[in-house]
Structure formats: C-alpha cells, structure tokens
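Below you'll find the structure, written out as structure tokens, and then a few comments.
The values are calculated or read from the model by the stated rules, or taken from the named source; none is laboratory data. Keep in mind that what you see is a predicted model, and the values were worked out from it rather than measured. Note that we place each Cβ from the backbone using ideal geometry, even for glycine, and neighbour counts take in every protein chain shown. Quick note on the areas: whole protein, heavy atoms, side chains included, nothing else; ligands and nucleic acids left out. Shrake-Rupley method; radii C 1.70, N 1.55, O 1.52, S 1.80 Å.
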Amino acid sequence: MSEARTPAQIEADIVRRREQLAVTLDEIGVRLHPKTIVGDAKAKARSAVDETAGRAFVAVNRKVTDVKAQFVDAEGAPRIERLVPVAVVAVALVGLLVVSTRRRRS
C-alpha cells in the first residue's frame with residue numbers, strides 16, 4: 001500500500017513543483033526572446049558561411065596545388081619545358097592586345 005502523505009509533504013511537493021515550473025517558464029522565455037532568436041539565426045548563418053568558405057578554400061587550394069605541380073617538380077624547381085610554351089603564349093596575347101589597341105586608336 002502507499003503511504004499517506006502529510007499536509008507538509010504535499011505542501012513541500014507543491015512548492016518544489018512551482019519552482020521547477022518557474023525555471024521551465026524562464027527557460028522558455030529566454031529561448032523565445034527575439035534577441036535569442038536573432039542570435040541563434042546569426043550563429044547558424046555564420047556557421048554555414050564558415051563551412052562553405054572552408055570547403056571553397058580546400059577546393060581552391062587543391063586546384064592551385066594541381067596547377068603548381070604542372071609547372072614545378074617535386075623539389076620545387078621550375079619545369080622549363082612547361083613554362084616556356086606558357087610564357088610564349090602569354091607574350092603573344094599581350095602583343096595582340098597591344099596591336100589591336102593601337103589599330104583602334106588610329
């Protein structure tokens with residue numbers, strides 16, 4: 001059988017439950033406060049941006065490393081056989097731009 005509770009025990013239980021309810025309502029109030037909601041949204045957005053920027057950095061870094069590997073060997077020395085053709089093409093493009101700019105001015 002269950003024990004009979006005294007009025008003091010019942011009253012203490014009611015006080016304890018009221019305090020728990022007050023704490024719960026305070027927590028709900030904090031969570032639903034506009035500043036808290038805005039702060040949470042900002043934190044989520046910041047986290048998403050950081051994650052996206054991190055992925056972009058890794059992808060760009062990987063591509064730069066791949067391109068660099070095309071023009072530099074494992075010891076870091078330039079690969080002349082690959083640099084010379086690229087330099088020739090770059091000089092040719094600059095020359096074409098200069099010639100076309102001069103013809104437009106005339």
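When the accessible area of region 1-78 is split by element with a 1.4 Å probe, what percent falls to carbon and sulfur?
Carbon and sulfur: 62 percent of the exposed surface of region 1-78.
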- Query: Given a Förster radius of 25 Å and the C-beta distance between Val67 and Ala92 as r, what FRET efficiency does 1/(1 + (r/R0)^6) yield to the nearest 0.05?
  - Reply: 0.75
- Message: What aspartates and glutamates does Lys35 reach when the alpha-carbon gap must be under 18 Å and sequence neighbours fewer than 8 apart in one chain are set aside?
- Response: Asp26, Glu27
- By the Cα gyration tensor axes a ≥ b ≥ c (a/c under 1.5 gives rounded; else a/b larger than b/c gives prolate, otherwise oblate), the shape of region 16-106 is oblate
- Heavy-atom accessible area per residue - the chain, 1.4 Å, Å²: 92 Å²
- For the chain, longest principal axis from Cα atoms; helix 34-71 axis from its Cα atoms; angle between them, nearest 10 degrees, is 30 degrees
- If one takes the longest principal axis of the Cα atoms in the chain, at what angle in degrees, from 0 to 90 and to the nearest 10, does the Cα axis of helix 80-105 lie? 80 degrees
- For Val72, other-chain or 5+-apart residues with amide H closer than 5 Å (H placed, Pro excluded) are Arg79
